[in-house]
Amino acid sequence: MRTGVKAGIVTAVLAAMVGGAGYGAYNIVSALNGDGGSGASGPAPARTGPPSGDEVQETARKFFAAWAKGQAAEAASYTNNAAKAEPLLTSYGQAAHITGVRITPGAASGATVPFTVKATVSYGGRSKPLDYSSRLTVVRGLTTGRALVDWQPSVVHPRLTGMDDTLVTGEAASPPVQAVDRDGVVLTKDAYPSLGPILDELRAKYGEQAGGSPGVELSVHHADASVPDTSLLTLAEGKAGKLTTTLSAPVQAAAEKAVKNYAESSVVAVKASTGEVLAVANHRGDGFNAAFLGKLAPGSTMKIVTAATLIDNGLTTANGPAPCPDDVMWEGQTFHNLKSMKPDPDATLADSFARSCNTAFIKYVKQLKNESLNQEATERFGLGQDNWQTGIPSFDGSVPAVEGPDKAAALIGQGQVQMSPLNMASVTATAMTGAFHQPVIVPRSLDDRELAHARGLSPDTVRQLRAMMNRTATSGTAAQAMAGLHGRIGAKTGSAEVDGQSKSNSWFTGYRGDVAAAAMTQEGGHGGDAAGPIVASVLRVGG
């Protein structure tokens, strides 16, 4: 049947139905659609496969239309999690006082639709325009087969990160602060974007102490009570209290610039002689402060602590034996070096440290007690005691006393060992000074909080560690990244393998002058490939 003929029949049938003389018309239409039969047919089978372009467009259109009209329940019905979507969409118009919503979709990329939102926030006789961008993705409903918006709170606003986060407009939860660096330079989110979450943390904790008074704001209220509200729009300015931090604006600027070159990167720099944090920067899609809170295997940067453990337990010295075989077995697991590394049966600890030979360190596993590495990490480097008081939330590192294959893996920064860049910057500071100074981002004098303590290292151990780190920075695995840096320098590279990742995480820590820094780039490869250039850039300014 030609298309025109078929269309004519359907039109005639529809006309007859509208005119009230459509008896039997249902069967004719059904037959044309291939569902013919003598009686009523059952429901059409649920559709499968990715949503078509038309479905993506239509689903987004309906969702946007209902959202813009403030019809929260209807908008939620176009998502695959209406129970979570409806409360947030309701808070958008009620608790957040957002009105006059206009949503403009952009060109879809597959099943993803970018869009812009323009609206007005009104509260207490004050109004301000709200303008931002977000995106949504349309998926196939698992049970219904319908094309639905894949529900994420970030659809409503990109700063909504938790599934139960809400939007609220009213008096701010805490007064604003004017954070300044160690020299009085004002630190803002605009000038230093990755400081945003950190400035929020400082405001939540020290806003009242700094002498400020709250204003009126549109904020993200996070379901996680440990996360401070995120300010999105200020309707009425509060009085900002002045808060002095230990940060250095020039070093912070260098850190911000350096991490932008590598996705999923974080870096911390500290003043080694005091533990004062000079810079903290993250370049991540999720906004997470991995620099302070990351919990990842640090790879061979951990060999700083392991080398100290071997020296302090009298097992070898920097110039003592640490032969580097092709592989070594412990508790049924075989450990290897990089494929390109040639064995060296006559290697010293300094040789194996500079080359980052895994097997040289693991060969000593038999002579170490299960708790040896843990004791060195906690008692001398101040790690893993869960008592750091930096001024904002932070992770103290974890080096548990273990046995079996994990005991060997821990010696090369794998297994159950977890660190953040903050932890490794502190490790390097302790290695170069001999004293553990718990890192801080606001002076202890601000609130007289109790800082963590550790006994540190002997002058002889420090001398050996610094010599090994200097050799690594000048002629070992860190030499390429540290090229061009002069003076008192040292470094250690690391790469940590993670299940499910095609590339290892890149780690690097180093020092120059009185500055120690450490960086981590997820799936960045070898330590010198990504994390190394980040640390070198920071040391070039800060050291």
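The table below lists the values:
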item	result
Given (1) in contact with a strand residue (DSSP E or B) (Cβ under 8 Å, 6 or more places away or on another chain); (2) in a loop (DSSP other than H, G, I, E, B); (3) not aromatic (Phe, Trp, Tyr), number of the condition Ala518 does not satisfy	(2)
Top-ranked residue of region 118-157 - restricted to ones that are among the β-branched types (Val, Ile, Thr) and surrounded by 20 or more Cβ atoms within 10 Å (Cβ to Cβ), ranked as farthest from Thr234 (Cα to Cα)	Val138
Residue count, region 113-131 (criterion: among the hydroxyl-bearing types (Ser, Thr, Tyr) and either within 14 Å of Phe64 (Cα to Cα) or in the same structural domain as His221 (by TED's automatic domain parsing) (or both))	1
Some residue of region 499-508 being of a type in the set (Lys, Arg) and under 24 Å from the mean Cα position of the chain (by Cα)	yes
Selection count where residues are assigned to a loop (DSSP other than H, G, I, E, B), in contact (Cβ under 8 Å) with a residue 12 or more places away in the chain and acidic (Asp, Glu), scope region 163-208	5
Scan of region 91-111 for residues that are on the phi < 0 side of the Ramachandran plot, touching a residue at least 60 places away in the same chain (Cβ under 8 Å) and not polar (S, T, N, Q), ordered by number	Tyr92, Ala95, Ala96, Ile98, Ala111
Answer residue from region 119-143, given it is assigned to a strand (DSSP E or B) and either of a type in the set (Val, Ile, Thr) or in contact with a Gly (Cβ under 8 Å, 6 or more places away or on another chain) (or both) and is farthest from Thr48 (Cα to Cα) among those	Tyr123
Odd one out for His157 among (1) part of a loop (DSSP other than H, G, I, E, B); (2) in contact (Cβ under 8 Å) with a residue 12 or more places away in the chain; (3) out of contact with any strand residue (DSSP E or B) (no Cβ under 7 Å at 6 or more places or on another chain)	(3)
Candidates Ser226, Ser248 - the one that is of a type in the set (S, T, N, Q), over 19 Å from the mean Cα position of the chain (by Cα) and within 30 Å of Glu523 (Cβ to Cβ)	Ser248
Filter result for Val216 (over 26 Å from the mean Cα position of the chain (by Cα), hydrophobic (A, V, I, L, M, F, W, C) and surrounded by fewer than 19 Cβ atoms within 10 Å (Cβ to Cβ))	no
Selection within region 222-266 - in a strand (DSSP E or B) and over 19 Å from Val440 (Cα atoms)	Thr230, Ser231, Leu232, Leu233, Thr234, Leu235, Ala236, Lys239, Gly241, Ser265
Condition check for Ala281: touching a Ser or Thr at 6+ places or on another chain (Cβ under 6 Å), of a type outside the set (Lys, Arg), assigned to a helix (DSSP H, G or I) and not assigned by TED's automatic domain parsing to the domain that holds Ser226	no
Meets criteria (within 20 Å of Ala254 (Cα to Cα) and in contact (Cβ under 8 Å) with a residue 40 or more places away in the chain) for Gly527	yes
Subset of region 181-195 (residues that are within 19 Å of Leu235 (Cα to Cα) and in contact with a strand residue (DSSP E or B) (Cβ under 9 Å, 6 or more places away or on another chain))	Thr188
Flag if Arg455 is touching an Asp or Glu at 6+ places or on another chain (Cβ under 7 Å) and either in a strand (DSSP E or B) or among the charged types (D, E, K, R) (or both)	yes
2 or more residues closer than 30 Å to Pro393 by Cβ and in contact with a Phe, Trp or Tyr (Cβ under 7 Å, 6 or more places away or on another chain): qualifying helices (runs of 4 or more DSSP H) within region 295-382	303-312
Enumerated helices (runs of 4 or more DSSP H) restricted to region 1-92, each holding at least 2 residues that are at pLDDT 50 or above	53-68, 72-77
Members of region 92-109 that are over 18 Å from Gly124 (Cβ atoms) and surrounded by 14 or more Cβ atoms within 10 Å (Cβ to Cβ)	Tyr92, Val101, Ile103, Pro105, Ala108
Cβ pairs under 6 Å, 6+ apart, first in region 387-401 and assigned by TED's automatic domain parsing to the domain that holds Phe436, second among the charged types (D, E, K, R) and in a loop (DSSP other than H, G, I, E, B)	Trp388/Asp396; Gln389/Arg449; Phe395/Lys295; Asp396/Asp386; Ala401/Glu371
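The values are calculated or read from the model by the stated rules, or taken from the named source; none is laboratory data. Keep in mind the model is a prediction, meaning the values are calculated, not measured. Please note: Cβ atoms are built from the backbone with ideal geometry, for glycine as well, and neighbour counts cover all protein chains shown.
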